[in-house]
1. Can you pull out the residues in the range 11-59 that are buried (at least 18 other Cβ atoms within 10 Å of the Cβ) and either among the β-branched types (Val, Ile, Thr) or assigned to a helix (DSSP H, G or I) (or both)?
2. Among the listed residues ALA159, ALA209, which satisfies the condition of being of a type outside the set (Val, Ile, Thr), under 20 Å from the mean Cα position of the chain (by Cα) and exposed (fewer than 15 other Cβ atoms within 10 Å of the Cβ)?
3. Can ALA95 be described as in a helix (DSSP H, G or I) and closer than 20 Å to CYS201 by Cα?
4. Go through the range 20-37 and give me each residue that's without any contact (Cβ under 8 Å) to a residue 60 or more places away in the chain and of a type outside the set (Asp, Glu).
5. Take LEU217 and decide whether it is modelled with pLDDT of 95 or more, surrounded by fewer than 18 Cβ atoms within 10 Å (Cβ to Cβ) and hydrophobic (A, V, I, L, M, F, W, C).
6. For the range 62-88, how many residues are over 27 Å from TYR2 (Cβ atoms), touching a helix residue (DSSP H, G or I) at 6+ places or on another chain (Cβ under 7 Å) and surrounded by fewer than 24 Cβ atoms within 10 Å (Cβ to Cβ)?
Amino acid sequence: MYRAKPGQVSYGEAIGIILLDSSAPFIPGDVANASTYSFPVRFQKVPGLSVERIFNHDLSLVDDVIEAALELKANGVRAITGDCGFMALYQEQIARTVGIPTFMSSLLQVPFIVRLIGEKDKIGIITANAGALNDQVLKICGADLPEKLAVRGLENCPAFRDAFIEEKGILDSSKLEKEVVRAARELTEKVPETRVLLFECSVLAPYGAAVQHTTGLPVFDYITMINYIYSAVVKQRFDGFM
(Lines give C-alpha, C1' and ligand atoms only; values in the text may rest on other atoms or scores of the structure.)
Protein backbone atom coordinates (compact mmCIF):
# COMPACT_ATOMS: atom_id res chain seq x y z
CA MET A 1 0.00 0.00 0.00
CA TYR A 2 1.47 3.36 -1.06
CA ARG A 3 0.28 6.74 0.19
CA ALA A 4 0.93 10.15 -1.34
CA LYS A 5 2.75 12.73 0.75
CA PRO A 6 1.00 16.12 0.90
CA GLY A 7 2.51 18.56 -1.56
CA GLN A 8 4.98 16.08 -3.04
CA VAL A 9 4.69 15.49 -6.79
CA SER A 10 7.77 13.33 -7.48
CA TYR A 11 9.45 10.51 -5.60
CA GLY A 12 12.57 8.37 -5.41
CA GLU A 13 15.29 10.98 -4.76
CA ALA A 14 16.87 10.01 -1.43
CA ILE A 15 19.80 12.45 -1.46
CA GLY A 16 19.18 16.20 -1.64
CA ILE A 17 22.07 18.45 -2.66
CA ILE A 18 22.19 22.18 -1.94
CA LEU A 19 24.09 24.04 -4.66
CA LEU A 20 26.08 27.24 -4.73
CA ASP A 21 24.97 29.89 -7.20
CA SER A 22 27.78 29.07 -9.62
CA SER A 23 28.06 28.84 -13.41
CA ALA A 24 31.14 26.61 -13.57
CA PRO A 25 31.17 23.43 -15.71
CA PHE A 26 30.35 20.41 -13.54
CA ILE A 27 31.66 17.26 -15.20
CA PRO A 28 30.79 13.60 -14.45
CA GLY A 29 32.22 12.79 -11.02
CA ASP A 30 31.42 16.27 -9.72
CA VAL A 31 28.85 16.49 -6.91
CA ALA A 32 26.70 18.82 -9.06
CA ASN A 33 26.48 16.38 -11.99
CA ALA A 34 23.58 13.92 -11.65
CA SER A 35 25.32 11.31 -13.82
CA THR A 36 27.92 10.91 -11.05
CA TYR A 37 25.52 8.75 -9.07
CA SER A 38 24.06 5.27 -9.48
CA PHE A 39 20.85 6.56 -7.83
CA PRO A 40 18.62 9.61 -8.34
CA VAL A 41 19.49 12.84 -6.52
CA ARG A 42 17.65 16.14 -6.19
CA PHE A 43 19.38 19.52 -6.53
CA GLN A 44 18.37 22.84 -4.95
CA LYS A 45 20.30 26.05 -5.75
CA VAL A 46 20.54 28.93 -3.27
CA PRO A 47 20.41 32.15 -5.32
CA GLY A 48 23.14 34.58 -4.31
CA LEU A 49 25.26 32.00 -2.48
CA SER A 50 28.39 32.63 -4.53
CA VAL A 51 31.85 31.13 -4.28
CA GLU A 52 33.16 34.47 -3.03
CA ARG A 53 30.58 34.64 -0.26
CA ILE A 54 31.20 31.08 0.92
CA PHE A 55 34.98 31.64 0.95
CA ASN A 56 34.37 34.75 3.09
CA HIS A 57 32.21 32.74 5.51
CA ASP A 58 29.18 34.91 4.79
CA LEU A 59 26.31 33.78 7.03
CA SER A 60 23.82 36.37 5.78
CA LEU A 61 22.10 33.74 3.61
CA VAL A 62 21.67 31.14 6.33
CA ASP A 63 17.87 31.48 6.20
CA ASP A 64 17.93 30.94 2.43
CA VAL A 65 20.07 27.83 2.88
CA ILE A 66 17.69 26.46 5.50
CA GLU A 67 14.76 27.19 3.18
CA ALA A 68 16.50 25.19 0.43
CA ALA A 69 17.00 22.31 2.85
CA LEU A 70 13.36 22.37 3.89
CA GLU A 71 12.29 22.40 0.23
CA LEU A 72 14.40 19.31 -0.38
CA LYS A 73 12.88 17.58 2.64
CA ALA A 74 9.37 18.50 1.48
CA ASN A 75 10.14 16.77 -1.80
CA GLY A 76 11.02 13.52 -0.10
CA VAL A 77 14.81 13.40 0.28
CA ARG A 78 16.09 11.32 3.20
CA ALA A 79 19.40 13.12 3.72
CA ILE A 80 20.89 16.48 2.71
CA THR A 81 24.36 17.48 1.59
CA GLY A 82 25.94 20.37 -0.34
CA ASP A 83 28.39 21.03 -3.15
CA CYS A 84 31.07 22.94 -1.25
CA GLY A 85 33.09 21.86 1.76
CA PHE A 86 32.69 25.33 3.25
CA MET A 87 28.95 24.71 3.54
CA ALA A 88 30.06 23.28 6.87
CA LEU A 89 29.20 26.80 8.04
CA TYR A 90 25.51 25.86 7.79
CA GLN A 91 25.83 22.30 9.12
CA GLU A 92 24.50 22.86 12.61
CA GLN A 93 21.63 25.18 11.61
CA ILE A 94 20.34 22.79 8.95
CA ALA A 95 20.77 19.64 11.05
CA ARG A 96 18.74 21.01 13.94
CA THR A 97 16.01 22.37 11.63
CA VAL A 98 15.26 19.66 9.07
CA GLY A 99 15.24 16.55 11.25
CA ILE A 100 16.92 14.28 8.68
CA PRO A 101 20.61 13.35 8.30
CA THR A 102 22.63 16.39 7.21
CA PHE A 103 26.21 16.21 5.97
CA MET A 104 27.17 19.50 4.37
CA SER A 105 30.94 19.08 4.10
CA SER A 106 33.27 16.30 3.04
CA LEU A 107 35.39 17.37 6.03
CA LEU A 108 32.89 15.58 8.27
CA GLN A 109 34.81 12.42 7.32
CA VAL A 110 37.92 13.56 9.20
CA PRO A 111 36.95 12.12 12.64
CA PHE A 112 36.29 8.76 10.96
CA ILE A 113 39.50 8.80 8.91
CA VAL A 114 41.57 9.66 11.98
CA ARG A 115 40.63 6.27 13.43
CA LEU A 116 41.97 4.52 10.31
CA ILE A 117 45.55 5.73 10.69
CA GLY A 118 48.35 5.58 13.23
CA GLU A 119 49.01 8.03 16.03
CA LYS A 120 51.81 9.79 14.15
CA ASP A 121 50.19 9.58 10.70
CA LYS A 122 48.46 12.51 8.99
CA ILE A 123 45.52 13.24 6.70
CA GLY A 124 46.36 15.33 3.65
CA ILE A 125 43.56 17.74 2.72
CA ILE A 126 43.34 19.23 -0.77
CA THR A 127 41.13 22.31 -0.55
CA ALA A 128 39.77 24.96 -2.89
CA ASN A 129 41.08 27.72 -0.63
CA ALA A 130 43.61 27.10 2.12
CA GLY A 131 43.03 30.53 3.64
CA ALA A 132 39.31 29.92 4.02
CA LEU A 133 39.86 26.54 5.69
CA ASN A 134 40.18 28.01 9.16
CA ASP A 135 39.65 26.72 12.69
CA GLN A 136 35.95 27.65 12.62
CA VAL A 137 35.20 25.42 9.63
CA LEU A 138 37.30 22.55 10.97
CA LYS A 139 35.74 22.74 14.44
CA ILE A 140 32.20 22.50 13.06
CA CYS A 141 33.22 19.27 11.31
CA GLY A 142 34.97 17.83 14.35
CA ALA A 143 38.18 18.17 12.35
CA ASP A 144 40.05 20.75 14.44
CA LEU A 145 43.02 18.42 14.80
CA PRO A 146 46.01 20.48 13.58
CA GLU A 147 48.48 17.82 14.57
CA LYS A 148 46.74 15.33 12.26
CA LEU A 149 46.20 17.51 9.18
CA ALA A 150 48.35 18.70 6.29
CA VAL A 151 46.59 21.18 4.00
CA ARG A 152 47.24 22.19 0.40
CA GLY A 153 45.12 24.80 -1.42
CA LEU A 154 44.35 25.13 -5.13
CA GLU A 155 43.38 28.82 -5.09
CA ASN A 156 46.46 29.85 -7.08
CA CYS A 157 46.34 27.04 -9.66
CA PRO A 158 45.37 28.59 -13.04
CA ALA A 159 42.98 25.93 -14.40
CA PHE A 160 41.20 25.60 -11.07
CA ARG A 161 41.00 29.33 -10.53
CA ASP A 162 39.69 30.04 -14.04
CA ALA A 163 36.92 27.45 -13.79
CA PHE A 164 35.77 27.61 -10.19
CA ILE A 165 36.85 30.89 -8.64
CA GLU A 166 36.69 33.35 -11.52
CA GLU A 167 33.98 31.23 -13.19
CA LYS A 168 35.04 31.91 -16.76
CA GLY A 169 32.68 29.16 -17.95
CA ILE A 170 35.42 26.89 -19.31
CA LEU A 171 37.15 23.94 -17.65
CA ASP A 172 40.30 22.35 -19.01
CA SER A 173 39.92 19.07 -17.16
CA SER A 174 43.28 17.65 -18.22
CA LYS A 175 45.10 20.72 -16.90
CA LEU A 176 43.13 20.66 -13.68
CA GLU A 177 43.91 16.99 -13.17
CA LYS A 178 47.61 17.80 -13.44
CA GLU A 179 47.22 20.59 -10.89
CA VAL A 180 45.43 18.34 -8.42
CA VAL A 181 47.93 15.52 -8.87
CA ARG A 182 50.83 17.93 -8.46
CA ALA A 183 49.29 19.38 -5.28
CA ALA A 184 48.83 15.91 -3.82
CA ARG A 185 52.35 14.82 -4.77
CA GLU A 186 53.93 17.96 -3.31
CA LEU A 187 51.89 17.62 -0.11
CA THR A 188 52.93 14.00 0.42
CA GLU A 189 56.55 14.80 -0.34
CA LYS A 190 56.53 17.69 2.13
CA VAL A 191 54.64 15.68 4.76
CA PRO A 192 55.73 12.04 4.32
CA GLU A 193 53.61 11.02 7.32
CA THR A 194 50.52 11.49 5.14
CA ARG A 195 48.65 8.17 4.93
CA VAL A 196 45.27 9.28 3.55
CA LEU A 197 44.07 12.09 1.29
CA LEU A 198 40.76 13.94 1.58
CA PHE A 199 39.32 16.36 -0.99
CA GLU A 200 37.47 19.24 0.67
CA CYS A 201 36.28 20.61 -2.66
CA SER A 202 33.29 19.00 -4.36
CA VAL A 203 34.71 19.38 -7.90
CA LEU A 204 37.80 17.24 -7.23
CA ALA A 205 36.35 13.73 -7.15
CA PRO A 206 36.89 13.20 -10.92
CA TYR A 207 40.64 13.36 -10.25
CA GLY A 208 40.75 10.94 -7.33
CA ALA A 209 41.86 7.96 -9.43
CA ALA A 210 44.77 9.91 -10.91
CA VAL A 211 45.81 11.12 -7.47
CA GLN A 212 45.63 7.61 -6.08
CA HIS A 213 47.67 6.25 -9.00
CA THR A 214 50.38 8.83 -8.27
CA THR A 215 50.46 8.68 -4.47
CA GLY A 216 49.28 5.13 -3.78
CA LEU A 217 47.08 6.47 -0.97
CA PRO A 218 43.37 6.07 -0.17
CA VAL A 219 41.41 9.11 -1.38
CA PHE A 220 38.22 10.27 0.33
CA ASP A 221 35.93 12.91 -1.17
CA TYR A 222 32.32 14.06 -1.32
CA ILE A 223 31.30 11.04 -3.39
CA THR A 224 32.66 8.51 -0.89
CA MET A 225 30.61 10.31 1.76
CA ILE A 226 27.41 10.59 -0.31
CA ASN A 227 27.54 6.93 -1.35
CA TYR A 228 28.08 5.92 2.27
CA ILE A 229 25.12 7.93 3.54
CA TYR A 230 22.92 6.68 0.70
CA SER A 231 23.71 3.10 1.71
CA ALA A 232 22.41 3.93 5.19
CA VAL A 233 19.19 5.71 4.22
CA VAL A 234 18.27 3.29 1.40
CA LYS A 235 19.10 -0.18 2.62
CA GLN A 236 19.78 -2.98 0.17
CA ARG A 237 17.88 -6.25 0.29
CA PHE A 238 20.05 -9.33 -0.11
CA ASP A 239 18.98 -12.21 -2.33
CA GLY A 240 22.00 -14.47 -2.27
CA PHE A 241 22.14 -18.13 -1.36
CA MET A 242 24.06 -20.53 0.89
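1. If the condition is that a residue be buried (at least 18 other Cβ atoms within 10 Å of the Cβ) and either among the β-branched types (Val, Ile, Thr) or assigned to a helix (DSSP H, G or I) (or both), then ILE15, ILE17, ILE18, VAL31, THR36, VAL41, VAL46, VAL51, ILE54 are the ones that fit.
2. Values: ALA159 fails: exposed (fewer than 15 other Cβ atoms within 10 Å of the Cβ).
None of the others qualify; the one that does is ALA209.
3. No, not satisfied.
4. Here is the first cut: in the range 20-37, the residues without any contact (Cβ under 8 Å) to a residue 60 or more places away in the chain are 21, 33-35.
ASN33, ALA34, SER35 - these are the residues of the range 20-37 that are without any contact (Cβ under 8 Å) to a residue 60 or more places away in the chain and of a type outside the set (Asp, Glu).
5. yes
6. Count: 3.
The values are calculated or read from the model by the stated rules, or taken from the named source; none is laboratory data. Source: prediction; values computed, not measured. Note that each Cβ is placed from the backbone with ideal geometry, even for glycine, and that neighbours are counted across all protein chains shown.
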